[in-house]
1. Of the residues 253, 118, 245, which exhibits the maximal mean-square fluctuation in a Gaussian network model of the chain defined by a 10 Å Cα contact cut-off?
2. Within 10 Å of each residue's Cβ, count the other Cβ atoms and sort 91, 106 from fewest upward.
3. Rank the residues 278, 171 as a footprinting-exposure proxy: fewest other Cβ atoms within 10 Å of their Cβ go first.
4. Can you classify segment 79-211 as rounded, prolate or oblate using the Cα gyration tensor, where a ≥ b ≥ c are the square roots of its eigenvalues, rounded means a/c under 1.5, and otherwise it's prolate if a/b beats b/c and oblate if not?
5. Kindly identify the chain as rounded, prolate or oblate by the Cα gyration tensor criterion: order the square roots of the eigenvalues as a ≥ b ≥ c, call it rounded if a/c is under 1.5, otherwise compare a/b with b/c, prolate if a/b is larger, else oblate.
6. If I fit a long axis through the Cα atoms of helix 241-250 and take the longest principal axis of the Cα atoms of the chain, what angle between them do I get, 0 to 90°, rounded to 10?
7. Taking the simple approach of a point 7 Å from Cα along Cα-to-Cβ for both residue 134 and residue 284, what is their distance in nm?
8. Using Cα atoms only, what is the angle between the long axis of helix 33-42 and the major principal axis of the chain, expressed in degrees (0 to 90) to the nearest 10?
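Nothing in this text is a laboratory measurement; each read-out follows from the coordinates by a stated rule. Nothing here was measured: the structure is a model prediction, and the numbers come from that model. With ideal geometry, Cβ positions are generated from the backbone for all residues, glycine too; neighbour counts draw on all protein chains shown.
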C-alpha cells in the first residue's frame, strides 16, 4: 500500500477555495480507520487524530486522555500510521493532535515522523493544558512541573516552519489570544467545552446560544490579531447538525470541528439500535 501524499500548499488552496465559495470548513475526529473512511466519503476536509479519539472509540470518554494511563503521543502516532492513513484516499487531509508537553520526546522528531507517514497537519490538543481550569491546584502544579501552553505554542510555530498546516486550539479567551498572537496558526478552533450527549458526554447546562456567543467573542478577538486565520467552532452545546447550523448562522467563523457528534454519538445509536433488534429475536413456537 502507498499512502496518498499532500502538501501544505495544496491543503491551504483547498481550504481557501471553500471559503471563497462560502462553504463551511469541516474538521472531524476519527478514532478508527472505518470512521476515517466514512468521514472522508461524507466530504470532510480534515480528519483529526488524537489519543482521546482512540480512547473514545474504545468506549471511554474523550477526557480519559487527561489521565496518565498511556503514552498519548505513542498512541496517536501508532494508530494514525497503522489505522487512519491506510484507510483514507487523500480527499481529506489528516491532522494529528499531539502532546507538545511530552517530557520524553523532541517535538521536531515527532513532527518529522508525522511528515514521513504523510501527515502534513498538526494540532496541540493531544491533550492541551488549556483543558485545565486556571484557578485549580492541578493547573498550578502542572505549570510548576513545566507543563505549559508555551510548549504548545512553540510546537505549532515549529510545525509551520516545517511547512505543515497548523491547527491551534484553546478553551478560554486568554489562551486563545496567546495562541493566535504567538503561533499564528493557519486554523484556530475555539473549544467551547466537552461535547454533551450520549453515554459519556458531559452536559454543563450551556445552551447553543451561549456557546455561539462565547465562540463569537473569541472570533472577534482573534480577527483583531490575525485576520488571515481560519476560524472554526467546537464542543459544548454543538451536538447535532442543527446545532452546527445555528453556529454557522450566528457566528462569523468559517466552519466547525466535530468529534463525538460524528463518531461516538452516531456509533452509540446505530450499534445499540441494531443489536437490540437482534437481541429481541425469538424462536418460533
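1. 245
2. Values: 91 14, 106 9.
Ordered from fewest to most neighbouring Cβ atoms within 10 Å, 91, 106 come out as 106, 91.
3. On the way: 278 7, 171 21.
Listing 278, 171 from fewest to most nearby Cβ atoms yields 278, 171.
4. Numbers: a/c = 1.71, a/b = 1.25, b/c = 1.37.
Cα axes put segment 79-211 in the oblate bin.
5. Details: a/c = 1.33, a/b = 1.26, b/c = 1.05.
In terms of gyration-tensor shape, rounded.
6. Relative to the chain, helix 241-250 is tipped by roughly 30 degrees.
7. The answer from the label model is 6.9 nm.
8. It is inclined by approximately 80 degrees.
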